Each structure stands twice: as structure tokens, then as C-alpha cells.
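In what follows, a structure is listed as C-alpha cells, so that the remarks can point back to it.
The values are calculated or read from the model by the stated rules, or taken from the named source; none is laboratory data. Keep in mind that what you see is a predicted model, and the values were worked out from it rather than measured. Positions of Cβ are backbone-derived with ideal geometry, glycine not excepted, and every protein chain shown enters the neighbour counts.
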């Protein structure tokens, strides 16, 4: 049969009219709508289509990746606000043009798959502030520029070393990349590890500490695409298979912009050659 189309009807740019158009472009299609957080993982596991297309943002794509049956390809139709994965991979807006399969690796943190980034520290605290607290309060999704402003504000605060990255040493925060693009702020990509690639293992940047002065430098280099890997005072790994972090106290953990709660330990693993993404 044709593909399965999984739709998050609550995503920022998802409309019923576009769903109908996608159904026409994809032909014979099984359309499934998510109803709650985590539902897309269940829908992906039971999908009958030969391939699965996802219409929504990075959150619903992450959920589908965590339920994607082995051997099924994944197509992406951007429908969220930032659409990091779709932009980083350059997927076409018209799914009928997604005819080429690109094999990519994925990351896992404590068993949860992620496509492009994960971390403990500034990124996870920003996700916690904007998604878990503010969005739960007023129902509004903050844009990527709001994320950049909040992350920069948090970076300007002093951060002491508060976790241990096994084999590297003490660190204040941890940025784990599965591609050079960690996230976007408007049209600008933020890159902490420019050498990271979807086809490789995981890249790690773990600053030992942070102050207002170092924050400005980190932010400027991330926005300029030069990253912070290899800088003095920044623990760095490239193309790694396993990274373990032990926190001094429970700290927020995020993956693909999703709040995964507080952890005292995080195990990041590379799942090489994991999935096929449909691209142009």
C-alpha cells in the first residue's frame, strides 16, 4: 500500500487544507492524527504504510523516530516553527519530490532516540523555561528567536562545573550534536560542533565553566558557524559512540528540543546507519 501520513494537528503551521493537499500528492495514504504527547510513537509502531511521512515540528518527528519500524523510510513535511531536522537535511516542501533515500545515524540518550541534538545545561534549561513552564501556562509555542535570546541570557550567568563527563573531566554544561546544526535562530544556524555529520557518530562540546565574557564568545562563534569545539576550556569529542555524564545534582535533559525531565546520569550513544530519510 501507499505511505502512512502522521499529522500533529496542533503544530504551528499545520492546516487541514495542507493535509488534504498532502494526501493528494502522496496518493493512496493512511492518515493518522496525533491526540496527545507521545501518541506519534504509538502510531508509528502500528503504521501500515510502506513508508511514514510526518507533518509537524521536530517534537512529533522525534516521537515517530522512537516508534519507527525497522526497514521503513521516513519522510518529513515541515509543519512546526523551527523545523531543525527538515532544514538541516534540506527536505523538499513537496513530498512527491522526496524520491531519494539518505541513510543517517541517530543519537540515543538514556534509550531515547534523537535526530540532531541533545544536552544538559543552557539548552535544556531554555527548553524547560519556554516549553515546560511558559507553554504549559499559556499554551503558546515560543519561536526560535525567543530560544536564542533566552539561551544567550542564561549563558551570560556564571556556570560552575557541575557534572562529570567520563573520560573528559568536569564541565558546566554539555552539548551533544548529531549534525553540525544544533538548532536555528531565525535564518541563522547555531553550530557548536561544525565537524559533526549525520553519517558519523556523536560530537560533544563541554565547557568547563562559563561567565559573561566566555558566553559572548561562545554565542558569537556558534552564530558564525565556527563552533566552540577545540577552544581552551572546552572538552571536545568527535565521532564518538558513547558518552556518559554524571551530574552532581538532578539537572534538566533535552533531546531535539524536548524536555526529558531531570537526570543525575545521562548516557549518550550513537546509533550508526540507523534510518533512511526521504530527500530530494
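The numbered conditions (1) surrounded by fewer than 14 Cβ atoms within 10 Å (Cβ to Cβ); (2) free of Cβ contacts under 8 Å to residues at least 60 places away in the same chain; (3) not in a helix (DSSP H, G or I) are all true for residue 249 except (2).
Condition first: outside any strand (DSSP E or B) and under 21 Å from the mean Cα position of the chain (by Cα). Can you find one or more residues in segment 21-33 that meet it? Quick ask: steps written out before the conclusion?
The first filter runs over segment 21-33 and keeps only residues outside any strand (DSSP E or B), leaving 21-29.
Applying the additional criterion that residues be under 21 Å from the mean Cα position of the chain (by Cα) yields none.
No, the conditions are met nowhere in segment 21-33.
A count restricted to segment 88-111 and to residues that are surrounded by fewer than 18 Cβ atoms within 10 Å (Cβ to Cβ) and within 30 Å of residue 245 (Cα to Cα) stands at 3. When the criteria are applied in full, residue 195 fails the requirement of being in a strand (DSSP E or B) and either at positive phi or at pLDDT 95 or above (or both). Limited to segment 57-89, what total is found for residues that are assigned to a strand (DSSP E or B) and under 20 Å from residue 35 (Cα atoms)? Qualifying residue count for the region: 3.
Report yes if residue 54 is within 16 Å of residue 85 (Cα to Cα) and either assigned to a loop (DSSP other than H, G, I, E, B) or touching a helix residue (DSSP H, G or I) at 6+ places or on another chain (Cβ under 7 Å) (or both), otherwise no.
The answer is yes for residue 54.
Quick one: in segment 8-33, which of the residues that are touching a strand residue (DSSP E or B) at 6+ places or on another chain (Cβ under 7 Å) and without any contact (Cβ under 8 Å) to a residue 60 or more places away in the chain is surrounded by the most Cβ atoms within 10 Å (Cβ to Cβ)? Reasoning before the result, please.
Applying the first criterion (touching a strand residue (DSSP E or B) at 6+ places or on another chain (Cβ under 7 Å)) to segment 8-33 yields 8-9, 11, 14, 19, 22-23, 26, 29-33.
Restricting the remaining residues to those that are without any contact (Cβ under 8 Å) to a residue 60 or more places away in the chain gives 9, 19, 23, 29-33.
Details: 9: 14, 19: 17, 23: 16, 29: 18, 30: 17, 31: 17, 32: 20, 33: 16.
Checked segment 8-33; the qualifying residue surrounded by the most Cβ atoms within 10 Å (Cβ to Cβ) is 32.
Looking at the structure I just gave you, is residue 204 surrounded by 15 or more Cβ atoms within 10 Å (Cβ to Cβ), within 12 Å of residue 173 (Cβ to Cβ), modelled with pLDDT of 95 or more and in contact with a strand residue (DSSP E or B) (Cβ under 9 Å, 6 or more places away or on another chain)? Outline the logic, then answer.
Working: surrounded by 15 or more Cβ atoms within 10 Å (Cβ to Cβ): yes; within 12 Å of residue 173 (Cβ to Cβ): yes; modelled with pLDDT of 95 or more: yes; in contact with a strand residue (DSSP E or B) (Cβ under 9 Å, 6 or more places away or on another chain): yes.
Yes.
Condition test on residue 73, is it assigned by TED's automatic domain parsing to the domain that holds residue 62, surrounded by fewer than 23 Cβ atoms within 10 Å (Cβ to Cβ) and either at pLDDT 95 or above or more than 30 Å from residue 23 (Cβ to Cβ) (or both)?
Details: assigned by TED's automatic domain parsing to the domain that holds residue 62: yes; surrounded by fewer than 23 Cβ atoms within 10 Å (Cβ to Cβ): yes; either at pLDDT 95 or above or more than 30 Å from residue 23 (Cβ to Cβ) (or both): yes.
Answer is yes for this residue.
One residue stands out in segment 38-51 among those that are in a loop (DSSP other than H, G, I, E, B) and touching a residue at least 24 places away in the same chain (Cβ under 8 Å): the one that is farthest from residue 101 (Cα to Cα), namely 38.
From the list 227, 186, 167, 233, the one residue that fits, being at positive phi and surrounded by 15 or more Cβ atoms within 10 Å (Cβ to Cβ), is 227. Counting the residues of segment 207-224 that are touching a strand residue (DSSP E or B) at 6+ places or on another chain (Cβ under 7 Å), surrounded by fewer than 18 Cβ atoms within 10 Å (Cβ to Cβ) and over 24 Å from residue 263 (Cα atoms) gives 1.
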